[in-house]
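Asker: One structure is given below, represented as C-alpha cells, and several questions about it will come after.
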Amino acid sequence: MQIRCTKIDHQNQYIIGICVDSNCPYQRPYCHYCLPEHNSHLNRLILLELLNDWILKRIHIIEDVQNNVQECKSVLDNLINKFIPYFNINIEQSGISEIDNLIKGLCKMEICEQQLFNLLKQSTEQIKLIIDEILIIIKSQTGKKQKIDIQVQQPQLIKEQKYQVNMLQPKLKQFTFELMKQNTIKQDEWCNAIAFNKDCSIVIAGCQEKIKVFKHKDGKMNQIQILSKHKGDINTLNFMKNNNNFVSGSDDKLIIIWEMNENNLWYCQQILNEHSNLIYCVLLNNSDDLIISGSCDSKIKFWVKQNQWLCQQTITDHTESVYSLSLNEQQNKLISCSWDLQILVIEQSQSAKKWNVIQNIEIDQDGFRLCFINDYQFIFQPKFKEQMHIYEIDINTKQFQKTKEITFKCCSDDYCFFPSQYLKSQSLLLNKNGKNVYVIQKNENGYFTIEQSIEFGDFGVYGQLSDDGKFLITWDNSSKEIQIRQCQEK
C-alpha cells in the first residue's frame with residue numbers, strides 16, 4: 001500500500017522512507033519534499049521497503065541485552081551454587097589452604113559489590129526509564145485516530161517479525177496430555193497408588209489390598225500378574241531406579257519389597273514391619289540403597305540395605321500422621337509434612353551419616369503433598385487452599401521460607417496419596433489439589449506456568465507421570481477407570 005505525506009505544502013507526495021535519527025524533531029515518515037528537514041542526518045534515513053529489516057535489527061539488539069543479562073545471572077547463580085555447600089563448613093575437617101581460598105574469594109566478591117553495585121543499579125534504573133519512555137510513546141501513538149499505515153511489507157517479512165518478537169518470550173514447549181479413551185481399563189476397586197517403572201514398560205496399581213502388574217507399551221496395558229501379600233489397602237508404590245524391583249506400603253502397617261525373578265514375575269523378597277500404624281508414604285533414593293517411610297504412627301523411618309533391609313534410624317519429631325516425603329537432588333535433604341501443622345527439613349550429616357532435623361516450618365493448614373524442585377526450592381500444597389506455596393532457601397539464614405504462591409482451583413475436600421512429582425529433565429511438576437490435577441512447567445527464568453488442568457468428577461484421584469514425561473496415568477473414583485493420557489505437543 002502506498003501512503004501520502006500529510007503536510008499541506010508537500011502536494012500529497014508519496015512517503016518514500018523513514019527517519020530513524022533518535023533526536024529528529026520532524027515527521028519521521030518522509031517524502032521528497034521532507035528531505036531538507038533531515039539534511040543534517042541523511043545517513044539516518046532508510047527506504048520504506050527496508051523498514052522491516054531495521055526493526056528486526058532492533059529486536060536483535062534487545063535480544064542481545066536480554067542474553068547478556070541472562071548470562072550474568074547464570075554466572076552469579078553458578079557462584080552461589082559454589083558457595084552454598086560451605087554454609088555448614090567444618091573448620092576442623094577443612095584444610096587451612098581451603099579455608100584461606102574460600103575467604104579470599106568472598107572478600108573479592110565484597111570488593112566487587114562495592115565497586116560495581118552502584119554502577120549496576122544506575123544502569124538498571126536508566127534501562128527501566130528508557131523502556132518506560134518507549135512504551136509511553138508507543139501507547140500515545142496507538143491511541144491517535146490519524147495513523148500512518150505502512151503496510152508495504154511482504155507476507156514473509158511479517159511472519160519473520162512476529163517470530164522475532166516471540167523469541168523475546170520465555171521458550172516453553174506447548175503441550176497437553178490427551179486421554180487415550182480406547183486404552184482405559186475398568187477398575188471398580190479403590191486404587192490409591194499407581195506407578196511406572198524407569199523405562200515405562202511396566203505399570204503397577206494398588207487395587208485395595210492387591211497389586212496388579214501390567215505390561216505397558218505406547219499407552220496400551222496388558223495385565224500379567226496379581227500380587228496378594230498385603231492384608232490392607234495399598235497406599236504407596238515405588239519402583240527402584242536401577243531395576244524392576246519395587247516397594248509397597250499398606251494399611252496393614254507393612255512395607256513389602258518385591259523382587260523380579262528369572263521368569264520376569266514378582267515375589268515378596270522381604271517384609272518390613274516396624275511401623276505401628278498405616279503406611280502413608282515411601283521413598284527410595286537414586287542408588288536404591290535407602291528406603292524412607294512415613295506412617296500414621298507419626299514416625300519417619302530410614303531403612304538401609306545390607307544383606308537384608310534394616311531400620312537404621314527413626315525420626316520422631318512429628319506428632320501426627322506423616323503424609324508426604326521428598327528428597328532433594330543431592331539426596332542429602334528430606335522434607336516431610338504432617339497433620340501436626342509442621343514441615344520438617346531433615347539433613348544427613350556427612351560424617352556420621354545420620355539424619356537430623358535442621359528446620360521446623362510451622363504452617364497454618366496441613367497439606368497432603370510437597371516436593372523438592374531442586375536443592376534450594378520446594379513446593380507445598382496446603383489442604384483446602386487455592387494456593388500452592390513455593391519455599392526457597394535464604395542464603396543468609398540457611399533456612400527455607402515461603403516466597404511465592406500459585407493460585408489453583410480448590411474444592412472442599414481432598415484425600416492424601418498421589419504425591420506431587422517433579423521431572424527435572426522435562427521441567428514438569430505434577431500437583432493435585434482437590435478434584436484437579438495440574439501439569440505445571442518451570443521455564444528457563446524460574447517461573448511456574450500452569451500448562452494444563454485436568455478436572456475429575458471426584459477428589460478421589462491418584463496417578464503418576466512416566467519418567468520421560470510422555471504419559472500420565474490416573475485412577476479416579478468417578479469413572480472407576482485406569483486412564484492413560486499421552487503428551488501431545490501443540
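The values are calculated or read from the model by the stated rules, or taken from the named source; none is laboratory data. Quick caveat: nothing in here was measured; it's all calculated off a predicted structure. Don't worry about glycine lacking a Cβ; one is built from the backbone with ideal geometry, like all the others, and counts go over all protein chains shown.
Asker: Whether any residue in segment 338-352 is closer than 22 Å to residue 240 by Cβ and of a type in the set (D, E, K, R) is what I want to check.
Answerer: No: zero hits.
Asker: Follow-up question, since we're still on this one. Considering (1) modelled with pLDDT under 95; (2) closer than 29 Å to residue 434 by Cβ, say which one residue 330 fails and leave the rest.
Answerer: Status for residue 330: all satisfied but (2).
Asker: Within segment 224-257, count every residue that is under 22 Å from residue 468 (Cα atoms) and touching a Lys or Arg at 6+ places or on another chain (Cβ under 7 Å). Break it down into steps so the answer makes sense when it comes.
Answerer: Here is the first cut: in segment 224-257, the residues under 22 Å from residue 468 (Cα atoms) are 236-247.
Next, only the ones that are touching a Lys or Arg at 6+ places or on another chain (Cβ under 7 Å) stay: 239, 241.
Residues meeting the conditions: 2.
Asker: Could you say which residue among 242, 273 is exposed (fewer than 15 other Cβ atoms within 10 Å of the Cβ) and free of Cβ contacts under 8 Å to residues at least 40 places away in the same chain? Talk me through it step by step, then tell me what you get.
Answerer: Numbers: 242 fails: free of Cβ contacts under 8 Å to residues at least 40 places away in the same chain.
Result: 273 is the single residue among 242, 273 that is exposed (fewer than 15 other Cβ atoms within 10 Å of the Cβ) and free of Cβ contacts under 8 Å to residues at least 40 places away in the same chain.
Asker: Farther than 27 Å from residue 347 by Cα, modelled with pLDDT under 95, touching a strand residue (DSSP E or B) at 6+ places or on another chain (Cβ under 7 Å) and hydroxyl-bearing (Ser, Thr, Tyr): which single residue out of 438, 415 fits that description?
Answerer: Values: 415 fails: touching a strand residue (DSSP E or B) at 6+ places or on another chain (Cβ under 7 Å).
Only one candidate passes the filter, namely 438.
Asker: Kindly evaluate residue 234 against the criterion of being closer than 17 Å to residue 265 by Cβ and in contact with a strand residue (DSSP E or B) (Cβ under 7 Å, 6 or more places away or on another chain).
Answerer: Values: closer than 17 Å to residue 265 by Cβ: no; in contact with a strand residue (DSSP E or B) (Cβ under 7 Å, 6 or more places away or on another chain): yes.
Spelling it out, it is not the case that residue 234 is closer than 17 Å to residue 265 by Cβ and in contact with a strand residue (DSSP E or B) (Cβ under 7 Å, 6 or more places away or on another chain).
Asker: State whether the residues of segment 167-176 include one that is modelled with pLDDT of 95 or more and of a type in the set (A, V, I, L, M, F, W, C). First the steps, then the outcome.
Answerer: Looking only at segment 167-176, we keep the residues that are modelled with pLDDT of 95 or more, and these are none.
No, every residue in segment 167-176 fails to be modelled with pLDDT of 95 or more and of a type in the set (A, V, I, L, M, F, W, C).
Asker: If you don't mind, there's one more thing I want to ask. Restricting to segment 417-431, name every residue that is surrounded by fewer than 18 Cβ atoms within 10 Å (Cβ to Cβ) and in contact (Cβ under 8 Å) with a residue 60 or more places away in the chain.
Answerer: The one that is surrounded by fewer than 18 Cβ atoms within 10 Å (Cβ to Cβ) and in contact (Cβ under 8 Å) with a residue 60 or more places away in the chain: 424.
Asker: Sticking with this structure for a sec: Which pairs turn up if I take residues in segment 391-412 that are among the aromatic types (Phe, Trp, Tyr) and look for partners that are assigned to a loop (DSSP other than H, G, I, E, B) with beta carbon separation below 6 Å, at least 6 apart in sequence or on another chain?
Answerer: That search, which allows pairs on different chains as well, returns 408/386.
Asker: Now a separate question. Does residue 40 satisfy being among the small types (Gly, Ala, Ser), in a helix (DSSP H, G or I) and at pLDDT 75 or above?
Answerer: Values: among the small types (Gly, Ala, Ser): yes; in a helix (DSSP H, G or I): yes; at pLDDT 75 or above: yes.
For residue 40, the condition - among the small types (Gly, Ala, Ser), in a helix (DSSP H, G or I) and at pLDDT 75 or above - is met.
Asker: Anything in segment 276-290 that is more than 24 Å from the chain's Cα centre (by Cα) and loosely packed, with under 15 Cβ neighbours inside 10 Å? List them, or say none.
Answerer: First, the residues of segment 276-290 that are more than 24 Å from the chain's Cα centre (by Cα): 276-280, 288-290.
Selection gives 276, 277, 289.
Asker: Every residue in segment 338-382 that is in contact with a Ser or Thr (Cβ under 7 Å, 6 or more places away or on another chain) and without any contact (Cβ under 8 Å) to a residue 24 or more places away in the chain, please.
Answerer: 356
Asker: Taking the criterion of being in contact (Cβ under 8 Å) with a residue 24 or more places away in the chain, within 25 Å of residue 242 (Cα to Cα) and buried (at least 16 other Cβ atoms within 10 Å of the Cβ), would at least one residue in segment 474-484 satisfy it?
Answerer: So far as segment 474-484 goes, yes, one or more of its residues are in contact (Cβ under 8 Å) with a residue 24 or more places away in the chain, within 25 Å of residue 242 (Cα to Cα) and buried (at least 16 other Cβ atoms within 10 Å of the Cβ).
Asker: Now, a different point. Looking only at segment 284-313, how many residues end up being of a type in the set (Ser, Thr, Tyr) and without any contact (Cβ under 8 Å) to a residue 40 or more places away in the chain? Explain how you work it out, then say what you get.
Answerer: Within segment 284-313, the first condition is being of a type in the set (Ser, Thr, Tyr), and the residues that meet it are 287, 293, 295, 298.
Restricting the remaining residues to those that are without any contact (Cβ under 8 Å) to a residue 40 or more places away in the chain gives none.
Summing the residues that are of a type in the set (Ser, Thr, Tyr) and without any contact (Cβ under 8 Å) to a residue 40 or more places away in the chain in segment 284-313 gives 0.
Asker: Counting just the residues of segment 27-52 that are without any contact (Cβ under 8 Å) to a residue 24 or more places away in the chain and surrounded by 13 or more Cβ atoms within 10 Å (Cβ to Cβ), which one comes out farthest from residue 130 (Cα to Cα)?
Answerer: Looking at the filtered set, the residue picked out is 32.
Asker: Do you know which of the residues in segment 297-344 that are of a type in the set (Val, Ile, Thr) and buried (at least 20 other Cβ atoms within 10 Å of the Cβ) is nearest to residue 416 (Cα to Cα)? Outline the logic, then answer.
Answerer: At the first step, the residues of segment 297-344 found to be of a type in the set (Val, Ile, Thr) are 300, 304, 314-316, 319, 322, 335, 343.
Retained after the next criterion (residues that are buried (at least 20 other Cβ atoms within 10 Å of the Cβ)): 300, 315, 322, 335, 343.
Values: 300: 17, 315: 21, 322: 10, 335: 16, 343: 16 Å.
Ranking the qualifying residues of segment 297-344, first place goes to 322.
Asker: Just to be sure I understand the filter: pairs with C-beta atoms under 9 Å, separated by 6 or more residues or on different chains, first member in segment 446-463 and closer than 15 Å to residue 422 by Cα, second member surrounded by 18 or more Cβ atoms within 10 Å (Cβ to Cβ) and of a type in the set (Asp, Glu). Which pairs pass?
Answerer: That search, which allows pairs on different chains as well, returns 463/476.
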